[in-house]
Each structure stands twice: as structure tokens, then as C-alpha cells.
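Colleague: There's a structure below that I have some questions on.
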Amino acid sequence: MIEIEIWRSRQEFSEHAEEWNQLWQTTRSTVAIHRAEPLLAWYDAFAAEREMAVIVLRNGNQLVAGLPLVMQLNRWGRRIGLSVANEWAPQACWLTSATIAEQSLVNALRNACRQLNLFQVRLDWLPFEWPANSHLMNAWNQTHQYSWVRPRYQVSRVEMANDWDEFRGQWSRNRRKKVQQTDRNLRAMGEVEFVCLENRGAKNLDEVIDSATGIEHQSWKGAEGGSLVSHPNALKYYRTWVQHLHELGLARIYFLHLNGKPIAFDLGYEAQGVYSSIKISYLPEYQSVRPGEWLNIRMLEHFHQTNTVKSIDCIGPVSPATLRWESSRYTVGKLVLSTPSWFSGATVAACQTLSQWLGKNTLQPIAVDESASS
């Protein structure tokens, strides 16, 4: 018997943090920032003035699903439940530990929406093809509820081979030549070192984060106002989740050092054999020697040698940099669910129809430099 429970404040969510993290563990989620502590840090950084509500489903004493939301009023003053996600954390959180019967799942969520007096639920930055998310979408459709799906972009995934030699054997001759040339060009400038921060207990973690965010701020992201340093709330959020995941042994920061100076980095986390690459950047004055590509290659070699990472989730939109190595893709976008109100259903259905008519339900072909991926 599925029962609904709603945690109606940040404080109440915090009190259930251990139970939520057990759900996260049970689901074998690869998104480590969906643990309670990073989710609370996200709320503090980006939504502290809004009401929080966490819908959880129980089967007996055990949590079997959870959906954290923040409340917002639309232009007509109606309450909307928004996913705990944005451009700084672009993966909406919906955890489920079991394949709940479609009708039971939909009934439970619609009842929760009724209790919260929600007009709509908008799950933006949702990876559509992930099993828990696709089950939710299928359940809504199969039970004849209204939903509106709008894709944003596709994300690359990179699968590891059995060993490094096998992985390199998949490269074209042209790619192998480019990789060798990149390595020669970089080493011609001095001493090159691949530096890993993977183990918990680093005493200089704040300095390491400062080094990485400093590199990003000096790149084009800083010039365009899109770096973490340019957004203090986002920087605070990143520091919090990196610290938390570092204490658990899940945070990862990789650097390329040239003559002892860090010139490129990749920041992310590892969970369930998947490395999620959240932030990557390099100093622009070294662009000609392709430091980002060199770092990617060393990371791939390192993952094959340690045999702990089975795949890489590149998180952001497909680009020439990720196209070089990708094995597959998945789609991230917005899922809008209607609530029991007939007006809500009519609105969502109209938005879906209009979106289809305007061609916004289909992603445009990705324009990439094919020579960069060869």
C-alpha cells in the first residue's frame, strides 16, 4: 500500500536527511548531488525565500520515492511546483527505488498535488531517458493524464572499454596522430603533470576549489559573466556539495599542471561507477595546445587503469569536445504535469499542442565541427 507523506519545510527535510540518503542509496542513483545535503545547499543558494515541499511515497516504513519541489506563483497567482534544478545543477531530482504500478504512482502524486494546492508540476532539467524519469512519464501518459514535454539539449555519455589498449584501438589513425601531436606540443612547453584529487581528507580543499574556479573565471565564462566566481550564491553551493561529497569519497577534481602551474581542470563526482563531469575549463592563453583535450585523455586513461569508472556523464550539451569520445546520448528537458484541476489539464494539453505546432518538441540537429571529432 503506497502512502503519501509531505515534508513541508527545509527544516523538516533536514530532519529526514538520513532517511532520504538511504532512499538515494537504494535507488543506486548516479547523481550524488541528489543526496539531502547538496539538495538543501541548492535550496539555500537559489530558493531560500520560497516554500519547499518534498513529496515522498512510503511502502510500509520504507521510502520508495521522493520528489523535492519549490513553490512559485504563476502570472495568474496559481501555485506551481518547480524541480530543484537549474543551470548550476542541471538534473532534476526524482528518486524511486521500485517500479511502482503506474496507476498507484499517478494517484499518489495527484493526491499530493491536491494537498499542496498545485496547479502544475514543472520538472525542468529532467533527463528523459533515465529509467525512473521515463517510468514517471509513461505512467502519466498511460493513465490518460496531461503532460507537456519540451527538450532542451542532448548530453554525451562515454563508455569505458575493457582496458586502455582496447579503448585506444577504437580511434581512427587521424585521431591517434592528433592525440600524439597534442601531447608533444604541450610537453615542448615544459613539465606536464596529471594531478588527481580523489581521496577524502584533503586539508587544502578550499585552495583546490579556489584554483579550479580561478581558472574558470579567467576563461571565456568569466568574461561573459558565467563563471562561478561571478555568481557568489552558485559558488557557495558548489563549495558545499564538493565538501560534502569529498567527505564521502565521491568528489573528484582533476588538474593539468604545466611547470607546476594548474592550467586546466575537470570537477565532478563519481557514483555507482559513473563519473559526472560538472565543470571543466582551462586558461585561455594555452588554447593553442589544447589543454582540455589533453586532460580528457589522461582522465580516460586513468579511469581504465583504476577500473572504477565504467562511464562518463558529460552533463552539459553535446559539443565537439564531448563528441570525440561519446558512446551514446540522452535528452534533458522540461516535463510539465497537470494536476487534478480540469483547467490545469486543459492548459497543459494546449501548451503541448502549441509546442508541437511550433516545432519546439523536437531538437534541432547539433552543429559540430566534424574535423574536431575525427
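The values are calculated or read from the model by the stated rules, or taken from the named source; none is laboratory data. Predicted model, so just to flag it, every value in this text is computed and none were measured. Positions of Cβ are backbone-derived with ideal geometry, glycine not excepted, and every protein chain shown enters the neighbour counts. Heads up: the accessible areas ignore ligands, DNA and RNA and are worked out on the full protein's heavy atoms, side chains in. Shrake-Rupley method; radii C 1.70, N 1.55, O 1.52, S 1.80 Å.
Colleague: Can you work out which of the residues in the stretch 35-75 that are closer than 23 Å to Gly345 by Cβ and without any contact (Cβ under 8 Å) to a residue 12 or more places away in the chain is farthest from the chain's Cα centre (by Cα)?
Modeller: Arg75
Colleague: Here are some residues: Ala32, Ala48. Which one is farther than 19 Å from Arg122 by Cβ, modelled with pLDDT of 95 or more, among the small types (Gly, Ala, Ser) and open to solvent by 10 Å² or more (accessible area, probe 1.4 Å)?
Modeller: Ala48
Colleague: To continue, here is another question. Which residue is nearest to Thr306 (Cα to Cα), if the candidates are limited to the stretch 200-211 and must be open to solvent by 70 Å² or more (accessible area, probe 1.4 Å) and touching a helix residue (DSSP H, G or I) at 6+ places or on another chain (Cβ under 9 Å)?
Modeller: Only one residue tops the list, namely Arg200.
Colleague: Quick one: in the stretch 89-99, which of the residues that are surrounded by 20 or more Cβ atoms within 10 Å (Cβ to Cβ) and of a type in the set (A, V, I, L, M, F, W, C) is nearest to Tyr238 (Cα to Cα)?
Modeller: Across the stretch 89-99, the extreme among qualifying residues is Ala89.
Colleague: Find the residue count for the stretch 205-246, including only residues that are polar (S, T, N, Q), farther than 21 Å from Pro291 by Cβ and in contact with a strand residue (DSSP E or B) (Cβ under 9 Å, 6 or more places away or on another chain). Break it down stepwise before answering.
Modeller: The first filter runs over the stretch 205-246 and keeps only residues polar (S, T, N, Q), leaving 211, 213, 218-219, 227, 230, 233, 240, 243.
After this cut, where a residue has to be farther than 21 Å from Pro291 by Cβ as well, the list is 230, 233, 240, 243.
Among the residues that remain, those that are also in contact with a strand residue (DSSP E or B) (Cβ under 9 Å, 6 or more places away or on another chain) are: 243.
Counting residues in the stretch 205-246 that are polar (S, T, N, Q), farther than 21 Å from Pro291 by Cβ and in contact with a strand residue (DSSP E or B) (Cβ under 9 Å, 6 or more places away or on another chain) gives 1.
Colleague: Being of a type in the set (Asp, Glu), open to solvent by less than 40 Å² (accessible area, probe 1.4 Å) and closer than 29 Å to Gly273 by Cα is the requirement here; does Asp163 meet it?
Modeller: It is false that Asp163 is of a type in the set (Asp, Glu), open to solvent by less than 40 Å² (accessible area, probe 1.4 Å) and closer than 29 Å to Gly273 by Cα.
Colleague: Looking at (1) in a helix (DSSP H, G or I); (2) at positive phi, which is the only condition Ile315 fails?
Modeller: Of (1) in a helix (DSSP H, G or I); (2) at positive phi, only one is false for Ile315: (1).
Colleague: Considering only residues that are open to solvent by 40 Å² or more (accessible area, probe 1.4 Å) and closer than 24 Å to Ala271 by Cα, look in the stretch 314-336 and name the one that is modelled with the lowest pLDDT.
Modeller: Restricting attention to the stretch 314-336, the residues satisfying the condition of being open to solvent by 40 Å² or more (accessible area, probe 1.4 Å) are 317, 320-321, 326-329, 334.
Next cut, closer than 24 Å to Ala271 by Cα only: 317, 321, 326-329.
Values: Pro317: 94, Ala321: 87, Glu326: 93, Ser327: 95, Ser328: 95, Arg329: 95.
The extreme case among them is Ala321.
Colleague: Being touching a residue at least 40 places away in the same chain (Cβ under 8 Å) and of a type in the set (A, V, I, L, M) is true for just one of Ala98, Ala112, Ala139. Which residue is that?
Modeller: None of the other options fit; the residue is Ala112.
Colleague: Continuing with this model, one more query. How many of the residues making up the stretch 247-262 are in contact with a strand residue (DSSP E or B) (Cβ under 8 Å, 6 or more places away or on another chain) and closer than 25 Å to Ser311 by Cα?
Modeller: Qualifying residue count for the region: 8.
Colleague: Condition (residue is in contact (Cβ under 8 Å) with a residue 40 or more places away in the chain, open to solvent by 20 Å² or more (accessible area, probe 1.4 Å) and closer than 22 Å to Leu228 by Cα) applied to the stretch 1-9: is it met by at least one residue?
Modeller: The answer is no, given that none of the residues of the stretch 1-9 is in contact (Cβ under 8 Å) with a residue 40 or more places away in the chain, open to solvent by 20 Å² or more (accessible area, probe 1.4 Å) and closer than 22 Å to Leu228 by Cα.
Colleague: Report the residue count in the stretch 61-84 for those that are modelled with pLDDT of 95 or more, open to solvent by 10 Å² or more (accessible area, probe 1.4 Å) and in a loop (DSSP other than H, G, I, E, B).
Modeller: Total satisfying the criteria: 0.
Colleague: Please determine, by comparing only the residues of the stretch 111-153 that are touching a strand residue (DSSP E or B) at 6+ places or on another chain (Cβ under 6 Å) and of a type in the set (Gly, Ala, Ser), which one is surrounded by the most Cβ atoms within 10 Å (Cβ to Cβ).
Modeller: Looking at residues that are touching a strand residue (DSSP E or B) at 6+ places or on another chain (Cβ under 6 Å) and of a type in the set (Gly, Ala, Ser), I get Ala112.
Colleague: Pairs please, first residue from the stretch 337-352 and closer than 14 Å to Arg79 by Cα and modelled with pLDDT of 85 or more, second anywhere and assigned to a helix (DSSP H, G or I) and among the polar types (S, T, N, Q), Cβ atoms under 7 Å, 6+ apart in sequence or on different chains.
Modeller: Listed pairs, sorted by first residue: Ser338/Ser344.
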